[in-house]
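Here the structure is laid out as structure tokens; the discussion comes afterwards.
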Amino acid sequence: MNAVQYEYGIESRIRLEDWDLSAGYSRSSLHPLRAGFAETAYDVLKAGAVLPAVRTGGILARFSLHGGYHTLFDFWKSRLPRYRVQYSLAPRIYLETRAPSTVYARFEPTLFFLRSGDAGYDVFCETGLQLNGTGGAASFYLWSRFCDDTELLAESRDRCAVTGLGVRISTSP
């Protein structure tokens with residue numbers, strides 16, 4: 001473990017006709033335990049909209065768009081520098097086909113607009129198989145994440161390309 005990390009937030013959602021709208025606040029801070037790692041903290045005010053689902057044949061598609069304003073509010077009286085991201089924009093695409101089991105894919109590219117005037121990115125992908133039962137569901141999936149800078153290192157960029165396998169068990173399908 002290289003750091004102590006705190007994350008919390010609150011989000012509200014409302015359904016208008018077939019649209020789901022959301023708004024929220026979150027806070028993250030990373031406090032390294034070793035030298036060479038960056039200490040970061042930021043607040044995010046966010047809003048999003050999920051469009052009505054589209055069904056074509058046996059495929060269900062969901063599209064959404066989420067945006068955020070990233071800052072470090074003055075009331076924290078923090079001495080940390082402002083987070084590199086000022087705004088974020090994240091379109092999300094989710095596809096699934098249902099039978100006795102569900103095959104799904106999720107693609108979430110996030111574009112960051114940086115305080116420096118440059119841009120950054122974070123891309124998350126997941127595809128898997130969900131087995132549904134009366135008492136819950138189990139998913140087996142492959143995920144990948146790519147980003148231009150994790151901001152974990154204090155003195156240099158830290159790109160990431162990570163892929164893994166996962167299992168998710170839930171009490172509701």
### Task
Under 1.5 on a/c is rounded, so check that first for the stretch 3-171, then, if it is not, pick prolate when a/b is larger than b/c and oblate when it is not; a ≥ b ≥ c are the square roots of the alpha carbon gyration tensor eigenvalues.
prolate
### Of Tyr141, Pro32, Trp76, farthest towards positive along the dipole that unit charges on Lys, Arg, Asp, Glu beta carbons give the chain
Tyr141
### Query
How much of the accessible area of the chain, in percent, comes from carbon and sulfur atoms when a 1.4 Å probe is used?
60 percent
### Task
Calculate, for the chain, the solvent-accessible area per residue in square angstrom, rolling a 1.4 angstrom probe over the heavy atoms of the protein chains.
64 Å²
### Query
Which percent, nearest 5, of DSSP beta bridges in the chain are antiparallel?
100 percent
### Task
Give, as a single signed number, the net charge of other residues whose beta carbon lies under 11 Å from the beta carbon of Arg115, with Lys and Arg counted +1 and Asp and Glu -1.
+1
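The values are calculated or read from the model by the stated rules, or taken from the named source; none is laboratory data. If you're wondering where the values come from, they're calculated on a predicted model, not measured in any experiment. A quick note on method: Cβ atoms are made from the backbone with ideal geometry, for glycine too, and the neighbour counts reach across all protein chains shown. When the accessible area is computed, the model is the full protein with side chains, heavy atoms only, and any ligands, DNA or RNA have been set aside. Shrake-Rupley method; radii C 1.70, N 1.55, O 1.52, S 1.80 Å.
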